[in-house]
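Heads up, the thing below is written out as structure tokens.
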Amino acid sequence: MADTNFDVLIIGSGPGGYVTAIRAAQLGFKTAIVERDYLGGICLNWGCIPTKALLRSAEIYHYMQHAKDYGLKADNVGYDPKAVVARSRAVSKRLNDGVGFLMKKNKVSVIWGDAMIDAPGNVSVKASKNEAPKGALGAGAYQAKHIILATGARPRVLPGLEPDKKLIWTYFEAMAPDKIPKSLLVIGSGAIGIEFASFYRTLGAEVTVVEVLLQILPVEDHEIQTFARKSFEKQGIKIHTSAKVTKLDKKADSVSATIEEAGKTQTFEFERVISAVGVVGNIEGLGLEKLGVKTERGIIKVDDFNKTNVPGIYAIGDVSGPPMLAHKAEHEGVVCIEAIKGLHPHAMNKLMIPGCTYCTPQIASVGLTEQAAKDKKLDIRVGRFPFVGNGKAIALGEDQGLVKVIFDKKTGQLLGAHMVGAEVTELIQGYVVAMNLETTEEELMHTVFPHPTLSEMMKEAVLDAYGRVLNM
């Protein structure tokens, strides 16, 4: 009979879950992970990774259309939507297989099915309708001293705007279209909504974005929001802010959408609609109410080391609260398991978690926005540097963008950094490292950045905050 007793049992194999399992195994814990759908969770299979594969295809298509701008020729440029989707799914499959390999390598047992916590230390698993990977354990009763919930999130559904998987999509359907619609309505302008708006617009769809708040990309700095909006509108994306979709009427192969804006109501017709109004944590069906695990607004309440109020039960990732990002889940899991081991890890500082949106242009940020710093009554210095002043950006043909930094005027502490432009999602970690090391403006000014690189703009923005900018 299979061994059913473990030191650590993790429910959910997304980035938070599988990384936690690996770290637990490294620390000597006998570890198991429960999954019901697919190893790697939403991120690897239907989220972060496959969307980046789609966006990469759109990016290459865009460059091919503008080959002459680089002195090149590319005739009869087109795309095959089925092949674009197939490439994205192949990328997911490769990573899904990779998670399975990592579980075997680290001797983590995979249990296949739906899990419920019957009592602290006891988990029952029911058979999953999905095919189990080779070697996985099946349904049954399992025991573990430490149970970590990493069950992730699903798309939020608003009354009257319910997805039907055919005409009204969530990100699941948006990632595997049978064709590229001629017209598309995107409800919501967070990272998910804007990435899909960018992808479909690049492939030729007429895209309209509706956002209930005053500005798109609500968590970003105002200047970055404004720059991005102008760029999107220049690409032909229609944007309605302080607006809401009040009704969707489905037809045979289209949707009639009623949009309320500035007190006026208009009706537009679209081939397809994407509902991107956020996500909600998967906390149902786990037995939490029976156990007395505290939740609040769909989130499991945890302390700085991800303990719930019930001994032996922990929660990481999307179910433990925002920001709902894969890298936040991974780091939380490592902190959680190291605390269980008694290694006294640092609690995670959520202000130092970077956020990235992989649209065109890309957006990346960390720390306080300028307005948030002002709201805290902080005395600040703000520096900016535009892409148009950077030689590498000009050589790449990507001279539209902005790097912005915010410092505490008294201490020189870097409070926040915000970027929009080509490859900024690959640059932001430089500022994240600086913030974690409590780097001052003086140390950043003394750092030598390589030339010619986009990263030089990071130093120039710092110099600008202190009246010493060189290349503008």
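The values are calculated or read from the model by the stated rules, or taken from the named source; none is laboratory data. Because the structure is a prediction, the values reported are computed rather than measured. Don't worry about glycine lacking a Cβ; one is built from the backbone with ideal geometry, like all the others, and counts go over all protein chains shown.
Are there strands (runs of 3 or more DSSP E) fully within segment 350-441 with at least 3 residues that are at pLDDT 95 or above and over 30 Å from residue 53 (Cβ atoms)? List them. Reasoning before the result, please.
Numbers: elements: 355-357, 363-367, 380-386, 402-408, 414-420.
In segment 350-441, 380-386, 402-408, 414-420 are the strands (runs of 3 or more DSSP E) which contain 3 or more residues that are at pLDDT 95 or above and over 30 Å from residue 53 (Cβ atoms).
Among the candidates 98, 41, single out the residue that is within 24 Å of residue 151 (Cβ to Cβ) and surrounded by fewer than 18 Cβ atoms within 10 Å (Cβ to Cβ).
On the way: 41 fails: surrounded by fewer than 18 Cβ atoms within 10 Å (Cβ to Cβ).
From the options 98, 41, the qualifying one is 98.
Can you run down the residue pairs with Cβ atoms below 8 Å, 6 or more apart or on separate chains, where the first is in segment 445-472 and in the same structural domain as residue 419 (by TED's automatic domain parsing) and the partner is exposed (fewer than 14 other Cβ atoms within 10 Å of the Cβ) and of a type in the set (Lys, Arg)?
Final answer for the pair search is 445/468.
Starting from residues that are over 16 Å from residue 104 (Cβ atoms) and of a type in the set (A, V, I, L, M), keep the ones in segment 11-33 and report whichever is farthest from the chain's Cα centre (by Cα).
Only one residue fits best here, namely 27.
What are the residues in segment 206-232 that are among the β-branched types (Val, Ile, Thr), more than 21 Å from residue 275 (Cα to Cα) and either surrounded by fewer than 17 Cβ atoms within 10 Å (Cβ to Cβ) or at pLDDT below 95 (or both), if any?
Kept after step one, since they are among the β-branched types (Val, Ile, Thr), are these residues of segment 206-232: 207-210, 212, 216, 219, 224, 226.
Filter once more, so that each one left must be more than 21 Å from residue 275 (Cα to Cα): 224, 226.
If the condition is that a residue be among the β-branched types (Val, Ile, Thr), more than 21 Å from residue 275 (Cα to Cα) and either surrounded by fewer than 17 Cβ atoms within 10 Å (Cβ to Cβ) or at pLDDT below 95 (or both), then 226 is the only one that fits.
Can you confirm whether residue 171 is surrounded by 24 or more Cβ atoms within 10 Å (Cβ to Cβ) and under 21 Å from the mean Cα position of the chain (by Cα)? So that I can check it myself, show each step before the final result.
Details: surrounded by 24 or more Cβ atoms within 10 Å (Cβ to Cβ): no; under 21 Å from the mean Cα position of the chain (by Cα): yes.
No, not satisfied.
So which of 110, 123, 34 is in contact (Cβ under 8 Å) with a residue 12 or more places away in the chain and in contact with a helix residue (DSSP H, G or I) (Cβ under 6 Å, 6 or more places away or on another chain)?
Details: 123 fails: in contact with a helix residue (DSSP H, G or I) (Cβ under 6 Å, 6 or more places away or on another chain); 34 fails: in contact with a helix residue (DSSP H, G or I) (Cβ under 6 Å, 6 or more places away or on another chain).
Among 110, 123, 34, only 110 is in contact (Cβ under 8 Å) with a residue 12 or more places away in the chain and in contact with a helix residue (DSSP H, G or I) (Cβ under 6 Å, 6 or more places away or on another chain).
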